[in-house]
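Participant: Structure incoming, see below.
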Amino acid sequence: MFSRLCPGRCTLALLCALGSLGVTLRPAAAGRSCTESRQVFSEKGYSLNTAPLTQISGEHLRLCPQDYTCCSTVMEEALARKSEVDFLSAIDDTSQFLLTTFTQRHRKFDEFFRELIDMAEKSMNQMFTKTYGKLYTQNARVFQDLFVELRRYYTGGNVSLGDVLAEFWSHLVERVFSLVNPQYQFSEEYLECVSKHAEQLQPFGDLPRKLRIQVSRAFIASRALVQGLATGRDIVSKAAKLSADGECLRALMRQWYCPLCRGTPALRPCHGLCLNVMKGCLANQADLDAEWNNFIDALVQVSEKLEGPFNMELAADSIAVKVSEAIMHMQENSVTTSTKVFQGCGSPRPAPGRSRRSPRDQGGNRRPFRTYSPEEKPTTAAGTNLDRLVSDLKERLRPMRGFWVSLPYTLCNDDKMAADLTNEDRCWNGQTRGRYLPDVMGDGLVSQINNPEVEVDIARPDVRTRQFIMELRVATNRLRHAQTGQDTDFIDSEEGSGSGGGVGGERYSDDWPGSGPYSPPYGKPPRNPPGRNKPPRTRDRTGPKWTRPNLGHGGHGGHVKSGVDQPTACLLTLLCLTAVTASPVWR
């Protein structure tokens, strides 16, 4: 009777009354068990105090579809935080091989190059002590200072290699000139005059120029490579440390943990859904890709130079050899050189009670300098040699190209992150089980304008990412200049010269020094170098003094081209060194 009088209103009143008593009427689906979801939630380390036993109304959900659910508000919030942790952990794991490679290779190359410098100094000290005895030890400071400055350059000091080598030759010519003329007494002013005239006199022949080119380009390339590896390490370390913003966090939760809230925790997101979420979350990182690829290419190219014409091992080994050859050259031409010096600087005063001594007047332990065959080539504390280091580095660098733009694909291809393409109809599409229909977005920030999963503000590029791009450009520029023997720290010191920290204006082929055309330094007229028509430059008083061009012949350089096989090169070097040991210059 009551129901007939007010059928609609009474039914509504009854429902309201039941609701006020906490009784909820649900369809049959509302009573579906949440056992599986509770088990997975517990396995992740969460308390089950707030986890429903059966599905409840999802009106309280903020991120997942507001349908019947196995998640309370507390659970949804906990899973949202978990999705961010999982995302950042996945980025960290995926980028770990980059970070490990850059960190370990930076350490190995740095250790290797430092030891090469130490070995070169030790080798020179041993060679010269055995060959020249006390006369070397009395003048050892000149050589020690050279290696101090070479180390300072390599470790990042604001040092011009050209100035370092010029200063070395300047001091050396003063010492050697005094030693080949023991019957005279020279004042500091007189020796300064000798040094000032050395550019025209070329007492050491063409060897200072050859050593300057070989040492400069090897040191420049070595330092650029080590600095580049450090840059790669730092950028990967910083770029992989992300924070998911609100939109990204919402999308991550929807794809990974909303299936749990729906009572199907084993259901993985569709591959297309995962790609759109990751591309939206990693839009800025994808924009690193172009500069990153340029950077990786530049690292590979510099490393190839180091195993070829810019070989640091050969450059370090050549220091003692070429210095010895230079001293021998000055001794052999001492009469001509001294005559010209006396004409330009005046007649020196005879030394009281001194006369030129015969080479036989003073003995010494004269052992030939040690050279190594390729089979017995020593390794350093780094446990390797340069060829093996470079080969290993190139093998690891090349797969790094495209890392940032392919990162979403790398993540979504992991079967723990998303369903594979064979399960297109049996995956989580963001709402339910079924096929994911929206198109997959392109790569990079601008391409996310219509991303259906993550709302991305394409008008606001990430400041950190722009900073990384600039750092990569600077590092790439340094590496590219190093490939031509130029140091960007000094490239602007002489306009148009490409001084490369003292390499001068030489242009390098892939051969050893002296084989290609170059622009002559210091305003001296070119000796018809092919294809060059540059105006003369005024001399930089702080620049190298021993750089007179000599395109017509190789001099006493012991000059080994890259096309010469190693045994032949070793034989040539041994012959030169054997000749050096017979030289009486330090008498």
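Participant: Please give, to one decimal in nm, the separation of the simple spin-label points placed at GLU395 and ARG473, each 7 Å out from Cα toward the Cβ.
Facilitator: In this crude spin-label approximation the distance works out to 3.6 nm.
Participant: Let's test the formula: R0 of 45 Å, r as the Cβ-Cβ distance of GLN39 and ASN158. What FRET efficiency results, to the nearest 0.05?
Facilitator: Values: r = 64 Å, r/R0 = 1.41.
So, using R0 = 45 Å, E works out to roughly 0.10.
Participant: Let me ask something else about it. Across the stretch 34-104, how large is the tail of the calculated P(r) beyond 15 Å, expressed as a percent of all Cα pairs? Intermediate values should be presented prior to the final figure.
Facilitator: Working: 1515 of 2485 pairs.
Counting every Cα pair in the stretch 34-104, those more than 15 Å apart make up 61 percent.
Participant: Ordering GLU332, GLU199 by how much accessible area each has at a 1.4 Å probe, largest first, what is the list? Spell out each step's value before the answer.
Facilitator: On the way: GLU332 100, GLU199 10 Å².
Order by accessible area, largest first: GLU332, GLU199.
Participant: Using a simple spin-label model with points 7 Å from Cα along the Cα→Cβ vector, what separation in nm is obtained for VAL148 and GLU84?
Facilitator: So the two model labels end up 5.4 nm from each other.
Participant: Separate question: Run the simple label-point estimate for GLU59 and ALA290 please: 7 Å along Cα→C-beta, distance reported in nm.
Facilitator: 5.2 nm
Participant: For ASP439, put the label point 7 Å out on the Cα→Cβ axis and report which residues of the stretch 236-272 keep their amide N under 19 Å from it.
Facilitator: Output list for this probe position: 271-272.
Participant: Taking a probe of 1.4 angstrom, what is the accessible area of ARG141 in Å², to the nearest 10?
Facilitator: 150 Å²
Participant: Between SER406 and GLN431, take the C-beta separation as r, use R0 = 22 Å, and let me know the FRET efficiency to the nearest 0.05.
Facilitator: Numbers: r = 28 Å, r/R0 = 1.28.
Between SER406 and GLN431 the formula returns 0.20.
Participant: Another question, then. In square nanometres, what is the average projected area of the Cα convex hull of the stretch 157-224?
Facilitator: Working: hull surface 21.5 nm².
So the mean shadow area of the Cα hull is 5.4 nm².
Participant: Rounded to the nearest 10 Å², what accessible area does VAL463 show when all protein chains are kept and the probe is 1.4 Å?
Facilitator: Around 120 Å² of this residue is reachable by solvent.
Participant: A further question on this structure: Let me see the P(r) profile for the stretch 120-164: every Cα-Cα distance counted, bins of 5 Å, each bin given as a percent of all pairs.
Facilitator: Spelled out per bin, shortest first, that is 5, 21, 26, 19, 14, 11, 4.
The values are calculated or read from the model by the stated rules, or taken from the named source; none is laboratory data. Note that this is a predicted model, so its numbers are computed, not measured. Cβ atoms come from the backbone with ideal geometry, glycine included; neighbour counts cover every protein chain shown. Ligands, DNA and RNA are excluded from the accessible area calculation, which covers all protein heavy atoms including side chains. Shrake-Rupley method; radii C 1.70, N 1.55, O 1.52, S 1.80 Å.
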